[in-house]
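The values are calculated or read from the model by the stated rules, or taken from the named source; none is laboratory data. All values derive from a computational prediction rather than experimental measurement. When we count neighbours, we look across all protein chains shown, and the Cβ atoms used for this are built from the backbone with ideal geometry, even at glycine. Accessible surface is based on the protein model in full, side chains and every heavy atom, while ligands, DNA and RNA are left aside. Shrake-Rupley method; radii C 1.70, N 1.55, O 1.52, S 1.80 Å.
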Amino acid sequence: MTSFLSAEHHPDCYPSDATETLAFFRNAFDSLPSDELPPVPKKSSLIGVVTPHIDFRVSLRAYAAAFRPLLNEPLADTYLILGVGHRSPLEWNLDHRDYVTPLGRATCAKKLIDQLVTRTDPTRHFFHEAHNGEHSIEFALLWLQALHRLHPSKSTTGFQFIPLLCGGLHSYVEDQVEWKDLKDFHRLSRSLTTLFKKFPPGDKLRIIVSIDGCHLGPRFHHPFQVTPALLRATAWWEEQLWAHVAKGDARAFLDWFRQEGNDRYFDGVGALALLLASGAGKFTIQRTFYEQWFTEQDTSAVTFSSGRVLL
């Protein structure tokens, strides 16, 4: 492995120059005034956000909907990023390397990662080079770097991050194993619960859930084209999905997916289930933004949401 990871999705998705990149994110934040988003409910604390990892060129507004609320909150010292392992052979995949982007070097929380692994199962392998080029981590980190530079506090304090790529828990969703058989899932969720007790989510630690939604049509090897009727049906299906997420029960959330085996290829299954389980029913996850990206040339579509994690 290299000693650090380098951002790979510029200049196509965003500028390579640091000044231009910061201006890019400043304009993105400004594109969505805070009064266009629902306020945080009274007696609730914003401890994290749900963000897409779709190509920036598709919808910067969706990203602004996720990260803009953090401009009104104190800056955190540590961010747990629950991404998606698009090319990872592991269900749960960590990495020790710092990350270099056009906005500088982000520091990996190596000691916290080692503690997570030790508490979960030190004999198991949780590391794979699938983090190389993984945009679900890169895109979230860029927004966090921009947030720290554009925050009203004008703080220059850096932050550390925990990058955890999550799988889709296919063996459970496809009804191949039972709940008790998800041993790594249960151990890791307990380890995260311990981390949250030591570093309560809020001002010091925040949670970033970097996921997209459904992937439909020939581009994703479905034997059908996406139609307006399917897009409407998918929007309704995802309303039901997020209603299950809001209930805070990880097993009930996964059992709901078992009804059709995730045939719509929703890619946030593992990340959301792990967060629900590690929150022990204390976290509330609310969706605040939804969009569908349909491409006529291949009659395919990707959906994505933004939201917030509340305590």
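Here are some notes:
- Qualifying residue in region 154-166 (condition: of a type in the set (Lys, Arg), open to solvent by 10 Å² or more (accessible area, probe 1.4 Å), free of Cβ contacts under 8 Å to residues at least 12 places away in the same chain and more than 19 Å from Arg187 (Cα to Cα)): yes
- Only one of Ser16, Ser34, Ser59, Ser44 that is touching a His at 6+ places or on another chain (Cβ under 9 Å) and of a type outside the set (A, V, I, L, M, F, W, C): Ser16
- Members of region 259-301 found to be under 24 Å from Asn93 (Cβ atoms) and of a type in the set (Lys, Arg), listed by number: Arg264
- Selection of region 196-237 for residues being surrounded by 20 or more Cβ atoms within 10 Å (Cβ to Cβ) and either charged (D, E, K, R) or in a loop (DSSP other than H, G, I, E, B) (or both) yields Arg206, Ile211, Asp212, Gly213, Cys214, Gly217, Val226.
- Pairs are defined by a Cβ separation below 7 Å, a sequence spacing of at least 6 or placement on different chains, a first member in region 30-59 that is in contact (Cβ under 8 Å) with a residue 24 or more places away in the chain and surrounded by fewer than 17 Cβ atoms within 10 Å (Cβ to Cβ), and a second member that is among the hydrophobic types (A, V, I, L, M, F, W, C) and in a loop (DSSP other than H, G, I, E, B); the pairs so defined are Ser44/Leu311; Ser45/Leu311; Asp55/Cys13; Arg57/Cys13.
- Among residues of region 264-293 that are crowded, with 23+ Cβ neighbours inside 10 Å and assigned to a loop (DSSP other than H, G, I, E, B), none has a Cβ under 6 angstrom from a residue that is modelled with pLDDT under 95 and not basic (Lys, Arg) at a sequence gap of 6+ or on a separate chain.
Let's see how each residue does on (1) β-branched (Val, Ile, Thr); (2) touching a Phe, Trp or Tyr at 6+ places or on another chain (Cβ under 8 Å):
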site: Cys13; (1), (2): no, yes
site: Thr21; (1), (2): yes, yes
site: Ser34; (1), (2): no, no
site: Lys43; (1), (2): no, no
site: Leu46; (1), (2): no, no
site: Val49; (1), (2): yes, yes
site: Ser59; (1), (2): no, yes
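- The C-beta contact set for region 104-129 (first residue under 17 Å from Leu274 (Cβ atoms) and charged (D, E, K, R), second residue part of a helix (DSSP H, G or I) and open to solvent by less than 20 Å² (accessible area, probe 1.4 Å), distance under 6 angstrom, 6+ apart or interchain) comprises Arg119/Ser191.
- Scan of region 61-115 for residues that are in a helix (DSSP H, G or I) and either open to solvent by 10 Å² or more (accessible area, probe 1.4 Å) or closer than 13 Å to Cys166 by Cβ (or both), ordered by number: Arg61, Arg68, Pro69, Leu71, Asn72, Lys110, Lys111, Leu112, Asp114, Gln115
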